[in-house]
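The values are calculated or read from the model by the stated rules, or taken from the named source; none is laboratory data. In this text, all values refer to a predicted model and were calculated from it rather than measured experimentally. Neighbour counts are summed over all protein chains in view; Cβ atoms, including those assigned to glycine, are modelled from backbone coordinates with ideal geometry.
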């Protein structure tokens, strides 16, 4: 006698429940939206028919999974979380499901190729949000046959499709803004060089100084690591200089927030004594005191472009693009202001002067 479960398909369940196959899939998988009423109806139909989904068997047969995989390296990053949230919205719009795989850091030699081989058998296409991708892992992706897209990747040129935000021009705009406010001693706090983003932001910083005829001062360039603690350390170092900066441009909001803490430690006011600019517009930027001037990547537009481009490759459609780059938006808030008239004084003297004025 034939096994009843083996003969029942998702199409049968959808027909029994009176819903579309896509809705039945969402209701049974628990991924994607389905009302409680619909979910109960579909689950009841599946139970009545004896349906047991077997996604692995379907994948082994070469069928479509209707799933897009998202590979990330750091779920604690607010920027990565912003991208994942935006991607989940766009994946749902095209009635597909999304799964997330975290590499938990940089994929080193050997492990990168193994992980790549494993992931390519699970989903119809993959979006990698891996700024710290190693060279061998990138090569394994370039040699893969499955559809792949890199989101916000800058480190190397690659034939793979890339959707990313602009770093160079945004940084140039930020520093030009500070110059227009009268600042001449503008510091730069860089992040780790491995991703390529900090380098582009530093180049934009240097270009803005050159355009204004301001010679770059190596003592005002500090190497951080994108984390808030390195921003705190950078701020302390810069403020201890004999000629401290009147403005700081940090390559990430987290480092900018650390710099702001260092400034407050010195008894200085933002932006009256020192202006601060960040990059990324993480949620904490608008909640800082004062709210942080920063640069924002259009996360939702970038996620939409990434999903649509990946779908074109999954479907082997024409008109595919190798690179899409979105301009960053400069968000001016209260952490930037005119250069202080006492710019030549040390931070300690400026702080003392402010206390005397308020006495």
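Among the residues making up region 69-96, those that are farther than 12 Å from residue 128 by Cβ and assigned to a loop (DSSP other than H, G, I, E, B) are 74, 75, 76, 77, 94, 95, 96.
Considering (1) outside any loop (DSSP other than H, G, I, E, B); (2) touching a helix residue (DSSP H, G or I) at 6+ places or on another chain (Cβ under 9 Å), the lone condition that residue 286 does not fulfil carries the number (2).
With respect to the conditions (1) under 27 Å from residue 200 (Cβ atoms); (2) modelled with pLDDT under 85; (3) in contact with a helix residue (DSSP H, G or I) (Cβ under 7 Å, 6 or more places away or on another chain); (4) surrounded by fewer than 16 Cβ atoms within 10 Å (Cβ to Cβ), residue 105 lacks only one, and its number is (3).
Counting the residues of region 279-331 that are at positive phi and not assigned by TED's automatic domain parsing to the domain that holds residue 257 gives 2. All conditions but one from (1) in a helix (DSSP H, G or I); (2) within 24 Å of the chain's Cα centre (by Cα) apply to residue 210; the one that does not is (2). Within region 165-200, the set of residues being surrounded by fewer than 21 Cβ atoms within 10 Å (Cβ to Cβ), out of contact with any helix residue (DSSP H, G or I) (no Cβ under 7 Å at 6 or more places or on another chain) and under 19 Å from residue 330 (Cα atoms) comprises 166, 173, 177, 180, 181, 182.
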